[in-house]
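The values are calculated or read from the model by the stated rules, or taken from the named source; none is laboratory data. Keep in mind that this is a model prediction, so the values were computed, not measured. Here Cβ is always computed from backbone atoms with ideal geometry, including for glycine, and neighbour counts include all displayed protein chains.
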Amino acid sequence: MLLNRLWIGLFFSALAVGLGKLLFLGDLMIFKEMVDALFESAELSFKIALFLTGALCLWMGIMEIGEKGGAINILTRFVSPLFGKLFPDVPKDHPAVGSMMMNFSANMLGLDNAATPLGLKAMGQLQELNPKKDTASNAQIMFLVMNTSGLTIIPVSILAYRSGAGSASPSEVFLPILISTFFASLIGLMVVAYKQKINLLNKTILAYLGTLTVLIVSLLIWLYKNPDLVEPVSNVGGNLLLFSVIIIFLILGIRRKINVYEVFIDGAKGGFDVAIKIVPYLVAILVAIGVFKASGAMDMLFEGIRFLLNLAAITNTEFIEALPTAFMKPFSGGAARGMMLETFSTHGVDSFVGKMAATFQGSTETTFYVLAVYFGSVGINKTRYAAGAGLIADAAGIIAAIFISFLFYN
């Protein structure tokens, strides 16, 4: 329901702003620009799906090897005590547990292209357990919100973009992103747990979350004392770990004496089918945000925020220049990435605004994109409170990123 209202609201907001520019400012080109944005966004949607097809085929094939080789079962047994409490409707040894864990691991490493196919695999497996095929189950909502809150331990892609933009210290955003995503994930988990009446004070949950917190804090302290190691750990560690997972899957497959090549092909065949299914959902989301931006409504929105902050006697509003990245991220990672790179170009990659934009890019996830793609891939159109819970997690990440950016970068 929320997604439907938002989608309609974006179009009507764009219409209102476009008419205002036409009637009061005499802008004769505004509706042409808006219509052009519609077609450009539709084309972009297909390009994203086309690019995603290769990644889907790759990772669905790798996951098939992992499943047949027993790797997913091993991973499932490791996390099943925690997931048994957070996902009470999912059987203890169900393959979805391992797929969800792989998805979360890819997200933690900031490897977006790897995370999406793994997430789609998990969503399909959860759909097998869903009694109402057109309505999101509790397990699917918990998975989606934990996914969109996007705990990122090593933001590989963002560090790469900062390095490519000529940053003197690409890894400077590492700690702020980690802390911001931790808050977003924690708030997202609390919101869904409240809605689903899950007791987070359970000993098992506290043990897992406590251990994760200790590991994150220990990593923070170690890297804080060894700042020269932040970049190699981020760039090498994440990708090495990911490639190691592929090799382990292959070894386990060989050990089970399966034909890993044929198993990979069988799994990869499903990637194309999934990519085709998500195209309409991608088009719906991206054309709405494209026309909203082309109309100038987005610029008006941020100027309104600046005005309200000035009324509240908040004079330091420099962070507003980085807000387009935060605003776009729930809709499209690619669009938010473009906003971030535009900020780098306009203000400088190592400026306060540039570093804050990078922190925004890493501190939230593509909530509406994930909603559209993940639920769309399994035919769910009744998302219940998934969008609201995801947006609350996003808001927590954005607010945390603002405070942490002022703490770290000022």
TODO: Could you tell me whether segment 276-289 includes any residue that is outside any helix (DSSP H, G or I), out of contact with any strand residue (DSSP E or B) (no Cβ under 6 Å at 6 or more places or on another chain) and of a type in the set (Gly, Ala, Ser)?
DONE: no
Task: Residues within segment 290-338 that are modelled with pLDDT under 80 and either aromatic (Phe, Trp, Tyr) or buried (at least 23 other Cβ atoms within 10 Å of the Cβ) (or both), tallied - done: 7
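Could you check segment 187-208 and list, in sequence order, the residues that are closer than 27 Å to residue 358 by Cβ and touching a residue at least 40 places away in the same chain (Cβ under 8 Å)?
Those that are closer than 27 Å to residue 358 by Cβ and touching a residue at least 40 places away in the same chain (Cβ under 8 Å): 187, 188, 189, 191.
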- [ ] Considering every residue within segment 348-366, establish whether at least one is more than 23 Å from residue 103 (Cβ to Cβ), hydrophobic (A, V, I, L, M, F, W, C), in contact with a Pro (Cβ under 7 Å, 6 or more places away or on another chain) and buried (at least 18 other Cβ atoms within 10 Å of the Cβ).
- [x] no
- [ ] Considering (1) outside any helix (DSSP H, G or I); (2) surrounded by fewer than 21 Cβ atoms within 10 Å (Cβ to Cβ), say which one residue 152 fails and leave the rest.
- [x] (2)
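Can you pull out every residue in segment 176-204 that is among the aromatic types (Phe, Trp, Tyr) and in contact with a helix residue (DSSP H, G or I) (Cβ under 6 Å, 6 or more places away or on another chain)?
The one that is among the aromatic types (Phe, Trp, Tyr) and in contact with a helix residue (DSSP H, G or I) (Cβ under 6 Å, 6 or more places away or on another chain): 183.
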Open item on the list: For the structure I just gave you, tell me whether residue 223 is part of a helix (DSSP H, G or I), touching a Ser or Thr at 6+ places or on another chain (Cβ under 9 Å) and either modelled with pLDDT of 80 or more or of a type outside the set (Lys, Arg) (or both).
Closed with: yes
Open item on the list: List the residue pairs whose Cβ atoms are under 7 Å apart, where the first residue sits in segment 71-83 and is over 15 Å from residue 208 (Cα atoms), the second is in a helix (DSSP H, G or I) and β-branched (Val, Ile, Thr), and the two are 6 or more positions apart or on different chains.
Closed with: 71/248
